[in-house]
Amino acid sequence: MFFSPLCFIPTLNALENVELPALLRGEKSADSRTSAKALLETLGLGKRLDHLPAQLSGGEQQRVALARAFNGRPALLFADEPTGNLDRQTGDKIADLLFAMNQQYGTTLILVTHDPALAARCDRRLRLVNGELREEA
């Protein structure tokens with residue numbers, strides 16, 4: 001699963017965007033709606049369920065993308081610069097949520113970032129230097 005707010009369907013509201021992957025997997029509509037709503041409420045978006053992506057702030061879009069990513073309970077989640085386009089405070093909140101949900105769902109998280117503070121929160125860090133992958137201590 002790839003975590004990105006750029007993959008929203010602009011004509012679907014937040015709840016529908018989070019629910020869609022479960023529906024495509026064949027999950028029952030009532031079940032997918034219940035789990036999508038619970039995830040959005042957990043992420044503080046209970047009052048924004050009916051809002052379209054364009055009506056949400058950058059941080060809210062990131063939280064919707066996070067809910068959508070975790071809605072399928074993925075074994076592996078790729079997050080490419082999950083806080084890159086956010087201010088520091090909002091980025092820190094998104095990172096906190098990402099790592100909390102990572103722990104809660106037992107998902108393997110592969111995070112790509114240029115942010116040393118965000119990278120420092122990871123259990124294992126690899127750095128690409130001159131085309132060579134190096135593990136950091």
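Throughout, read-outs are computed from the coordinates displayed, never taken from laboratory work. Since the structure is predicted, the reported quantities are computational estimates derived from the model, not experimental observations. Backbone-built Cβ (ideal geometry, glycine too); neighbour counts: all protein chains shown.
Observations on the model:
- Number of residues in segment 93-117 that are more than 14 Å from Leu39 (Cβ to Cβ) and touching a Lys or Arg at 6+ places or on another chain (Cβ under 8 Å) equals 3.
- Only residues that are of a type in the set (A, V, I, L, M) and on the phi > 0 side of the Ramachandran plot were counted across segment 46-89, and they come to 0.
- Whichever residue in segment 32-60 is in contact (Cβ under 8 Å) with a residue 40 or more places away in the chain and closer than 15 Å to Leu20 by Cβ and, among such residues, is surrounded by the fewest Cβ atoms within 10 Å (Cβ to Cβ): Leu52
- Options Leu97, Leu77; residue that is closer than 26 Å to Lys28 by Cα and either touching a residue at least 24 places away in the same chain (Cβ under 8 Å) or surrounded by 12 or more Cβ atoms within 10 Å (Cβ to Cβ) (or both): Leu77
- Residue among Leu126, Leu86, Leu111, Leu66 that alone is hydrophobic (A, V, I, L, M, F, W, C) and surrounded by fewer than 17 Cβ atoms within 10 Å (Cβ to Cβ): Leu126
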